[in-house]
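A short write-up of the structure that comes next.
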Amino acid sequence: MTTNRRKSYVRPLALALMLAAGAASLTACVPLVVGGAAAGSAVVITDRRSSGTQLDDQNIEFKVQSLMRQNFGDTSRINATAYNGRLLLSGDAANEGVKAKATEIARGVQNVKVVYNQLNVGFTRDFSGRTSDTWITSKVKSALLNTKFVPSATIVTTTDANVVYLLGKVTEKESQYAGNAAAGVSGVKRVVKLFEIITRDEAVALSGSEAGDDKNKSEPKAEQTPAPIENGSGNNLTAPAGGSGGVEAMPIR
């Protein structure tokens, strides 16, 4: 009797373990399709890039950073961030020659449309500085998520030397809201918008809805003074092999 009872417990347990293992193996494949989102296919639905473009951007980042390591080794720290073929280079370059060469290399990578070279020359960010950048990025993402009319799921955010860079497909109004929200985050030195500006009709078509979950978001806080917006041309923004539409830098007062 005891043996039969033990078997009755073991079989359901074994079945549960088999199902869990199968689910895990299927889930492991999802990020390759949807850009690594933990919420299944949410990125495909809310990101204004197609799943194929998201994968292309991931490949651009991987290839560029691999080429940078091959060419410069540990002498420079170069990060690559891509959105819809627009590539941002951030980090540290040993000298002006490395910075120029990095742009040349990046422009040769398949599917790269525009290169924004924001490398700091002769300036090396230490570990504590990089940790601070990561923390600022987290705070900016949270601010964007909780700001009304900001399509946070389609905005890529990265920080280097306390300068926040925003990439994505947004309308002019969304760009303004996102820039002001990021500018109000403590620790941010400057906000640089590398957005691809689209019309509202295009945004609706790409997002698949009129309002999304904006009703649960708050307006930008009134006590936060919006940072002034300047043209990118005056802030060392370069965009070889393409235009610089939607590029704005927002110094913090």
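The values are calculated or read from the model by the stated rules, or taken from the named source; none is laboratory data. Keep in mind it's a predicted model, so treat the numbers as computed, not measured. Because the Cβ atoms are built from the backbone with ideal geometry, glycine has one as well, and the counts that use them run over all protein chains shown.
List of remarks:
- When 84, 120, 111, 79 are checked against the criterion of being in contact (Cβ under 8 Å) with a residue 24 or more places away in the chain and surrounded by fewer than 16 Cβ atoms within 10 Å (Cβ to Cβ), a single residue qualifies: 111.
- From 91, 73, residue being of a type outside the set (A, V, I, L, M, F, W, C), over 19 Å from residue 164 (Cα atoms) and in the same structural domain as residue 127 (by TED's automatic domain parsing): 73
- Residue satisfying condition, being of a type in the set (A, V, I, L, M) and crowded, with 17+ Cβ neighbours inside 10 Å, within set 55, 89: 89
- For segment 150-252, the strands (runs of 3 or more DSSP E) that sit wholly inside it and include 2 or more residues that are surrounded by 13 or more Cβ atoms within 10 Å (Cβ to Cβ) and modelled with pLDDT under 50 are 247-251.
- For residue 23, the test of being at pLDDT below 90 and assigned to a loop (DSSP other than H, G, I, E, B) is failed.
- Selected residue (only one of 169, 139, 148, 193 is closer than 21 Å to residue 56 by Cα, among the basic types (Lys, Arg), in contact with a Ser or Thr (Cβ under 9 Å, 6 or more places away or on another chain) and assigned by TED's automatic domain parsing to the domain that holds residue 87): 169
- Residue in segment 151-162 that is of a type in the set (A, V, I, L, M) and touching a residue at least 60 places away in the same chain (Cβ under 8 Å) present: yes
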